[in-house]
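Contents: one structure, followed by commentary.
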Amino acid sequence: MSLYLSYGKLLIDQLDLAITQKYEEAERFRRTEHLAACKLQKWWKKILLKLKDRKRTRASTMVLGFMRKVVSTKKVELIENHKKTMKLRKQYGKHVTPLQALWRGYYSRKTIMDFYKRKALLEAVVKKNEETRSHLHKMHNLQLRMERWRRHSYMANARKSIHFLISTRAREGIPENVIEKTAEEAAALKRKKRHTVEPLVIVQPLPSPRRYKNYVPPDDIECFGPFRRKESVIEQKNRPLEPTLRVSTSYNITERERKKDKQESWIKCIQKPMKFATASSKCTNYDRTLWGHTEYNPRDFCNKTIRYESQCKNKLPFISQVPVIPLFDRLGKSYAERSKLIK
Amino acid sequence: MSQRQVLLVFEQYQKARTEFVQTVAELSTRPQNIETLQATGVMQLLRPLLLDVVPTVQQTAALALGRLANYNDDLAEAVVKSDILPQLVYSLAEQNRFYKKAAAFVLRAVAKHSPQLAQTVVDCGALDALVICLEEFDPGVKEAAAWALGYIARHNDELAQAVVDAGAVPLLVLCIQEPELSLKRIAASALSDICKHSPELAQTVVDAGAIAHLAQMILNPDSKLKRQVLSAFAQISKHSVELAELVVEAEIFPAVLTCLKDSHEVVIKNTATLIREIAKHTPELCQLIMNAGGVAAVVDYIGDTKGNVRLPGIMMLGYVAAHSETLAMAVIVSKGVNQLAIILSDEQEDHIKAATVWALGQIGRHTPEHAKAIAVSNVLPKLLQSYISPDSSEDLQTKSKKALKNILQKCVYLPALEPLLQEAPPNILKHVVAQYSKVLPNDPSARRMFVTSGGLKKIQEIRAEPGSALQEHIQEINKCFPEEIVRYYSPGYSEALLQRVEGFKPSTEMQTS
């Protein structure tokens, strides 16, 4: 049995081998055929493609040729036109170029840079500069003159004001001093004046201050305004001059005056505003007591007659300046009523 | 003891205190006494007198303290350390006008020395008290308060901002309108000190309506007032175009030009500064100044003055010329170049020369016409001298080099370039040679002149690196002349000729015949 089995297996194996070999052979054959078929197809497709390409190539060549023809004719036309244009330009250029140059110059001067305007501007600047220089020169001279005049007037005033401190003699241009001259001085002055040249125009000389020594204004002249009494005027005129550098007020004058003011304020002040503990000490608003009708209210801003009239007209009952007391309100009482009761 | 005797003692004490404080105040006016007073501890003695019962003693003590603090910053620090400031600030609100003036004087004397001391004054709450003083009736108090505020605002923008935040500006503008001259001066000075730090602060002052009031005072005869007003305007207009236009809209031109003829130098300088600050912004503003005749006025002013006073005017001309060629031509036509040339030769100070050189560069850099105007004034050799001289500062040398370069690049006026050919260093020489290379190919008469003046010879003597721009320009110039002439002027040609003569052998035919 086992022999048969082994023999059967052997046969099977051999069969398998043969089948496998046949399959491989068939596979090889198939492959060969396939490759041959592929080759043939490839060859045929190539031919087909070539045929197609030939057609397409011919078509494209035709189209390209046509387009090239068109383009080249255009080109040729352009070149010929350009040549014609250049020829014409050359022919007419010498006439047109100046016109164009004229226009371009005008346009650039108008829009980009106007040289004539610039020239006019610079001429105007030069003119304005000259005007400015002359004006400034005049102003400078005027300033110098003003400076000189100010200095001169300052010196003249200074001379006048210190004249009585430094000299008892009369100086030219300065008013004659009130100190009486001795007889000899007066004679010497007269002799001096005799030698001077008299002016052509005779002007009435001003009376000397000595003539006004005992001058009294006449009674019939009415003086209007706040004039002093005649006697006090005469007294002042005749008062001898006592020039001194000593200051008439003392060093402590301000303190003394302040003390005095303070003392007098206690006297003058009749009624002080009453201060209560509830009231704030600082920044109390001033309450005008114009309509408070008591004897002690200050009335700074109306005269006596109006006060009297207003008192008669608007005589209101006593109005207290003290703050309201709630207890009184509750009881319906007032100071006025109380005072009446007491009386 | 009777009442009278008791009162006598107190009177004597009061008299002694008064005498002491008045003497100290008098002594502190002289600088030689200050150190002695400081050594004796005068601060500690004066401090309690500030709280004295007698107002005169208080005021004189404050005055003495102010004079001491005014002297130097050590004493001012001593005032601060002695805790005097809070008392003064409190008293500013309470006391009478004499004390207020003295207290404001002390605050000013302390604040003026340094920003730190000014900050201390601000920290004590002095600003509010000072601003309240500006509302006082007495002009002396207002003046003292405005002065103190100005000294505080002067240091930096933070302090100036603090002054503005305290509400001082509208009150200062009101102070300007007061009739007292000294108050106007101080208020204008304070506004100027506020404006100078930043555009925002300047705008605040402008918004308060200061410009119109300041403009009215330009023609005031008082020089000190004018100088403060002009300074304020300059500080406002320097920040931006808008502010400068606002100042110009106040119609200060041409009235402000009369201030250039003032007798005081500071007024003239401030006027020029104002015009400079306006001109530097835009060409339109420069045009406005030019139309008002400002350029001529400035040219005259820089000719009449000397030293630092003329510096703003020189800068103004430079700014005007920098904007456009028309404005530069206007400066030339107003004889600005001649004046600047005179300044360049007369001035000794380097910073003024540097400004002059810069201004000339701005004028000449635009077109050949401008460069010719500069060259004709014989300025180029002076510029070169400023550049070469070892005594010149670095700034002057830099500016001279730039100006030379800018002018030479436009200059085609050959007679002015000849001197530079002889003396210029290589970095300047290349520009000179470049200009020659531009002009000579087109101008036969210039070529002749170039040969006869020795320029061609000089060109051949220049040793330039091969391939450099200078070498190229030299070659271009050489192409303009025949080869023989170039060879004739080349260095060593005579030697070469003589060597040829020596080496020459006459021919034998000549010998036999």
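Does B:Val131 count as among the hydrophobic types (A, V, I, L, M, F, W, C) and over 23 Å from B:Lys184 (Cβ atoms)? It is false that B:Val131 is among the hydrophobic types (A, V, I, L, M, F, W, C) and over 23 Å from B:Lys184 (Cβ atoms). If we scan region B:265-282, do we find a residue that is surrounded by fewer than 23 Cβ atoms within 10 Å (Cβ to Cβ), within 14 Å of chain A (Cβ to nearest Cβ) and under 23 Å from A:Lys127 (Cβ atoms)? Within region B:265-282, none of the residues are surrounded by fewer than 23 Cβ atoms within 10 Å (Cβ to Cβ), within 14 Å of chain A (Cβ to nearest Cβ) and under 23 Å from A:Lys127 (Cβ atoms). Any residue that is acidic (Asp, Glu) and away from every other protein chain (no Cβ under 13 Å) - is there at least one of those in region B:289-312? Within region B:289-312 (the criterion being acidic (Asp, Glu) and away from every other protein chain (no Cβ under 13 Å)), the answer is no, since none of the residues qualifies.
Looking at B:Ala202, is it in contact with a Cys (Cβ under 6 Å, 6 or more places away or on another chain) and of a type in the set (Gly, Ala, Ser)? Yes: the conditions hold for B:Ala202.
Pairing residues of region B:434-448 that are within 10 Å of B:Leu414 (Cβ to Cβ) with residues that are of a type in the set (Ser, Thr, Tyr) and loosely packed, with under 13 Cβ neighbours inside 10 Å, at Cβ distances under 7 Å and at least 6 apart in sequence or on separate chains, gives no pairs at all.
Taking region B:105-121 as the range and being surrounded by fewer than 19 Cβ atoms within 10 Å (Cβ to Cβ) and closer than 20 Å to B:Asp165 by Cβ as the test, the residues that pass are B:Pro115, B:Gln116, B:Gln119.
Being more than 22 Å from the chain's Cα centre (by Cα) and of a type in the set (A, V, I, L, M) is true of B:Met217.
The lone criterion from (1) more than 30 Å from B:Pro221 (Cβ to Cβ); (2) facing chain B (nearest Cβ under 10 Å) left unmet by A:Leu142 is number (1). Looking only at residues in region B:251-261 that are more than 19 Å from the chain's Cα centre (by Cα) and farther than 15 Å from B:Ala212 by Cβ, which one is nearest to the other protein chains (Cβ to nearest Cβ)? Result: B:Thr258. When the test is whether a residue is within 14 Å of chain B (Cβ to nearest Cβ) and either of a type in the set (A, V, I, L, M) or free of Cβ contacts under 8 Å to residues at least 12 places away in the same chain (or both), A:Lys119 passes it. Take the residues of region B:222-245 that are part of a loop (DSSP other than H, G, I, E, B) and of a type outside the set (Ser, Thr, Tyr): which is nearest to B:Thr273 (Cα to Cα)? So, considering only residues that are part of a loop (DSSP other than H, G, I, E, B) and of a type outside the set (Ser, Thr, Tyr), the one nearest to B:Thr273 (Cα to Cα) is B:Lys238. Of the helices (runs of 4 or more DSSP H) lying entirely inside region B:418-513, the ones with 2 or more residues being surrounded by 10 or more Cβ atoms within 10 Å (Cβ to Cβ) are found at B:426-439, B:444-452, B:455-461, B:469-479, B:483-489, B:493-503.
In summary, helices (runs of 4 or more DSSP H) completely within region B:323-413 and bearing 2 or more residues that are crowded, with 16+ Cβ neighbours inside 10 Å, within 14 Å of another protein chain (Cβ to nearest Cβ) and of a type in the set (A, V, I, L, M, F, W, C) occur at B:325-333. Consider A:Val125 carefully, then state whether it is in contact with a helix residue (DSSP H, G or I) (Cβ under 8 Å, 6 or more places away or on another chain) and either of a type outside the set (Gly, Ala, Ser) or closer than 30 Å to B:Leu327 by Cα (or both). So A:Val125 passes the test.
Yes/no matrix, rows are residues, columns are (1) buried (at least 20 other Cβ atoms within 10 Å of the Cβ); (2) touching a strand residue (DSSP E or B) at 6+ places or on another chain (Cβ under 6 Å); (3) in contact (Cβ under 8 Å) with a residue 40 or more places away in the chain; (4) more than 14 Å from chain A (Cβ to nearest Cβ):
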residue	(1), (2), (3), (4)
B:Ala212	no, no, no, yes
B:Ala215	no, no, no, yes
B:Pro221	no, no, no, no
B:Lys226	yes, no, yes, no
B:Ser231	yes, no, yes, yes
B:Ile236	yes, no, yes, yes
B:Ser240	no, no, yes, yes
B:Leu243	yes, no, yes, yes
B:Glu249	no, no, no, yes
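Among the numbered conditions (1) closer than 20 Å to B:Leu201 by Cα; (2) surrounded by fewer than 17 Cβ atoms within 10 Å (Cβ to Cβ), the only one that B:Leu149 does not meet is (2). For A:Arg148, are the conditions met, namely being within 14 Å of chain B (Cβ to nearest Cβ) and either in contact with a strand residue (DSSP E or B) (Cβ under 9 Å, 6 or more places away or on another chain) or at pLDDT below 90 (or both)? Against the criterion (within 14 Å of chain B (Cβ to nearest Cβ) and either in contact with a strand residue (DSSP E or B) (Cβ under 9 Å, 6 or more places away or on another chain) or at pLDDT below 90 (or both)), A:Arg148 qualifies.
Checking region B:124-141 against the condition returns no match, with no residue being part of a helix (DSSP H, G or I) and closer than 15 Å to B:Glu77 by Cα. Is there a residue being assigned to a helix (DSSP H, G or I) and under 30 Å from B:Val299 (Cβ atoms) anywhere in region A:66-89? There is no residue in region A:66-89 that is assigned to a helix (DSSP H, G or I) and under 30 Å from B:Val299 (Cβ atoms).
The values are calculated or read from the model by the stated rules, or taken from the named source; none is laboratory data. Only a predicted model underlies this, so the values are computations on that prediction, with no experimental measurement involved. Here the Cβ is made from the backbone with ideal geometry for all residues, glycine too, and neighbour counts use every protein chain on show.
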